[in-house]
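Have a look at the structure below, then the notes.
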């Protein structure tokens with residue numbers, strides 16, 4: 001299959017338009033028309049990852065963290081050169097996978113046996129648009145179906161959402177026009193309104209236009225302040241029954257194969273029971289305030305000294321690497337759906353595992 005087909009499938013579960021504005025995701029090296037037959041799945045495109053890809057005859061790497069993050073003014077990095085010489089494509093799924101409907105955090109929650117309650121933050125790289133058009137009443141259903149098929153009307157856990165109401169329309173047909181009906185004396189129309197994620201806006205407008213009977217349909221849209229609650233950074237979760245801080249820390253360490261974690265008590269005791277837990281795989285310090293407002297415990301990675309001191313709730317810092325590694329199993333499931341052979345870079349062969357020694 002081609003790289004473009006892999007990208008097309010990625011849009012189904014982690015649309016690139018969900019990535020935050022500062023991020024760099026998608027095809028970062030290679031050609032959309034390159035043929036690929038096997039993928040290596042990893043957290044980072046490191047020298048070890050590239051060597052494994054070459055050894056295992058993988059011609060595409062699917063990575064969570066971006067290969068290229070800062071601007072590149074020249075191609076002299078030996079890693080880039082090796083990838084180009086071996087014709088290995090690189091696709092990176094970072095914050096788009098962090099905020100997707102099934103995200104890094106949903107996989108982390110499942111790994112820890114947690115029940116998901118809600119997003120911790122509805123932040124994502126996409127915003128909602130309000131889309132409106134006017135049509136003959138007898139064509140409203142057809143236009144709705146077209147818009148829904150293109151992705152309109154998806155709000156949180158609800159789909160096929162729309163608003164329809166009767167209006168009176170007027171127009172005067174100009175020279176050379178071919179109107180659907182005479183509107184100079186007024187015609188009955190239906191106003192249709194949808195919400196639409198920004199990365200689907202063009203497809204939704206084109207779908208409405210294709211299904212519309214008017215020669216020149218009026219289709220308006222404008223961005224909204226709110227984000228679609230279907231997406232977001234972090235999650236608020238719970239266990240079926242309350243557990244103590246010590247019990248939760250033990251589960252985290254065992255399930256994530258984390259050799260060492262940090263448990264900040266924030267003035268609590270290790271046997272204190274916890275009901276609501278906020279999680280964010282990777283670096284979650286920016287979500288600490290949201291976690292304090294919604295949960296009794298925050299599980300994440302890369303928490304700084306001052307963040308610990310300032311936190312009003314306990315924190316389990318299990319590390320960036322260990323809280324994100326479980327998502328690789330999800331990526332292999334996704335590639336299996338398109339029958340692309342793949343393998344995960346073993347945890348113990350990552351440079352972090354090899355070089356990080358804890359005293």
Beta bridges per DSSP with both ends in the stretch 23-146, % antiparallel, nearest 5: 25
Compute the separation of the alpha-carbon centres of the stretch 254-322 and the stretch 20-61 and state it in Å as a whole number. 32
How far is helix 327-337 tilted off the main Cα axis of the chain, in degrees rounded to 10, range 0 to 90? 50
Quick check: convex hull over the Cα atoms of the stretch 128-223, volume per residue in Å³, rounded to an integer? 92
Rank 281, 183, 174 by mean-square fluctuation in a GNM of the chain with C-alpha springs under 10 angstrom and give only the top-ranked residue. 174
Counting DSSP beta bridges with both ends in the stretch 170-321, the antiparallel % (nearest 5): 55
Length gained if residue 141 through residue 241 is fully extended, taking 0.36 nm per residue and subtracting the Cα-Cα distance, is 31.4 nm
With springs only between Cα atoms under 10 Å apart, run a GNM on the chain and tell me which of 226, 77, 48 wobbles the most. 77
For Rg and Dmax of the Cα atoms in Å, the listed values are (1) 22.2, 77; (2) 26.3, 95; (3) 24.6, 84; which was obtained by calculation from the structure presented? (3)
Please figure out what share of the DSSP beta bridges in the chain is antiparallel and state it in percent, rounded to the nearest 5. 70
Which whole-number percent is the relative contact order of the chain (Cα, under 8 Å, 6+ apart)? 19
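I need the peptides 184-191, 118-125 ranked by packing, meaning the mean over residues of other C-beta atoms within 10 angstrom, with the highest value on top.
118-125, 184-191
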Listed residues 33, 317, 59; largest mean-square fluctuation, Gaussian network over the chain with Cα springs below 10 Å, found at 33
Could you give the length gained on full extension between residue 68 and residue 54, defined as 0.36 nm per residue of separation minus the Cα-Cα distance, in nm? 3.1 nm
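Hey, with R₀ at 22 Å, roughly what FRET efficiency would residue 351 and residue 302 work out to, going by the Cβ-Cβ distance, to 0.05? Intermediate results must be reported in sequence, preceding the final value.
Details: r = 17 Å, r/R0 = 0.77.
Here the calculated transfer efficiency is 0.85.
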Which distance in Å, rounded to a whole number, links the C-alpha centroids of the stretch 193-218 and the stretch 112-139? 16
Simple SL model, points at 7 angstrom along Cα→Cβ for residue 160 and residue 209; separation in nm is 2.7
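Grab the Cα-Cα distance for residue 86 and residue 337, subtract it from 0.36 nm times how many residues apart they are, and report the gain in nm with one decimal. Can you show the working numbers first?
Working: separation 251, 0.36 × 251 = 90.36 nm, distance 2.60 nm.
Roughly 87.8 nm would be gained on extension.
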Before rounding to the nearest 500, sum -39500 (n - 2.57) across all DSSP H runs of length at least 4 in the chain and divide by the residue total; then give [θ] at 222 nm in deg cm²/dmol. -8000 deg cm²/dmol
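Read-outs throughout are calculated quantities, based only on the coordinates presented, and are distinct from any laboratory measurement. What you see is a predicted model; the values in this text were computed from it and never measured. Cβ atoms come from the backbone with ideal geometry, glycine included; neighbour counts cover every protein chain shown.
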